[in-house]
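Step one of this worksheet: look at the structure below.
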Amino acid sequence: MNIAVFCSGNGTNLQAIIDAQKKGFIKADIRLVVSDMAECFAMKRAEKAGIKTFLAEKKNFSSQKDLEAAILKKLKEEKIDLIVLAGYMRLLSPDFIKEYKNKILNIHPSLLPSFKGTRGIKDAFLYGVKITGPTVHFVTEDMDAGPIILQSAVAVMEDDTEETLAEAIHREEHKIYPRAIQLFVEGRLRLEGRRARII
Ligand code: GRF
């Protein structure tokens with residue numbers, strides 16, 4: 001199975017996925033890293049690991065449609081079976097998602113359906129929750145709303161700051177994302193309505 005990872009930033013989840021693949025925990029090929037940000041550290045991580053990269057910067061395309069068409073072409077060329085979004089800050093269109101229906105995963109840094117959106121850690125912290133944590137889910141047309149594959153609970157400590165909480169959440173992300181990917185690779189995820197059952 002061939003995987004493409006989409007990133008926009010630091011790429012710590014990408015690194016965890018690369019490391020898990022190298023250790024033999026993820027039994028699939030990471031064939032491609034796609035990014036919309038030329039200078040992001042995730043691209044450097046990909047290059048260091050010898051993974052092909054594809055840069056899809058908004059400014060080089062006349063529309064979102066053209067940008068996504070270019071990405072899709074590349075995905076087909078590389079025979080990609082699974083798309084893993086790891087800090088990719090761009091919303092995918094319904095047409096794009098249809099092309100890879102139930103074959104796109106995302107990680108979100110809160111316990112969905114709470115605190116959707118780009119400020120999942122901050123919003124949960126400011127709300128004052130006592131437990132939060134990351135969610136891996138299938139991507140559907142509605143943002144942060146697809147069937148949940150794995151979640152991990154992180155307790156908010158009295159002396160936590162937003163930064164220390166973020167670190168704790170990221171540590172959990174790096175455990176559950178490789179696990180969820182391997183479940184997909186093994187064909188152990190079965191969708192029943194909005195439930196993703198692990199078989
Ligand atoms: C993670 O917190 C993830 O939950 C969110 O974006 C962040 C990406 O971090 N979707 P990194 O680039 O993998 O370090």
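Of all DSSP beta bridges confined to the chain, the antiparallel ones make up roughly 40%. Under 5 Å from the amide H of L111 lie the amide H atoms of G133, each residue being 5 or more positions distant or on a separate chain, with H modelled from the backbone and absent for Pro and chain starts.
Under 5 Å between amide hydrogens, built in the peptide plane, is the criterion, and for E78 it picks out nothing among residues at least 5 positions away or on other chains.
Only DSSP H runs of four or more residues enter the estimate; each adds -39500 (n - 2.57), and after division by the residues of the chain the mean residue ellipticity at 222 nm equals -11000 deg cm²/dmol. Taking a straight Cα-Cα cut-off under 20 Å and skipping sequence neighbours fewer than 8 places away in the same chain, the aspartates and glutamates within cross-link reach of K27 are D19, E78, D81, E173, E186.
The distance between label points at E99 and D29 comes to 2.0 nm (points 7 Å beyond Cα on the Cα→Cβ vector). Using all pairs of distinct alpha-carbon atoms, the Kirkwood hydrodynamic radius of the chain works out to 17.1 angstrom. Report note on the peptides 19-29, 107-117: ranked by the mean count of other C-beta atoms within 10 Å, highest first, their order is 107-117, 19-29. Each principal axis of the range 1-100 carries a Cα extent, and these read 40, 27, 19 Å when sorted largest first. Each peptide in 176-182, 164-170 receives the mean, over its residues, of other Cβ atoms within 10 Å, and ordering these scores from highest gives 176-182, 164-170. Peptides 82-88, 133-139, 97-103 ranked from most to least packed, by the mean per-residue count of other Cβ atoms within 10 Å: 133-139, 82-88, 97-103.
Within the listed set M37, M157, M89, the Gaussian network model of the chain (springs between alpha-carbon atoms below 10 Å) gives the highest mean-square fluctuation for M157.
Where a number appears in this text, it was derived from the coordinates with a stated rule and is not lab data. A quick note: this is a predicted structure, and the numbers were derived from the prediction, not measured. Heads up, the Cβs are rebuilt from the backbone with ideal geometry, glycines too, and the neighbour counts pull from every protein chain shown.
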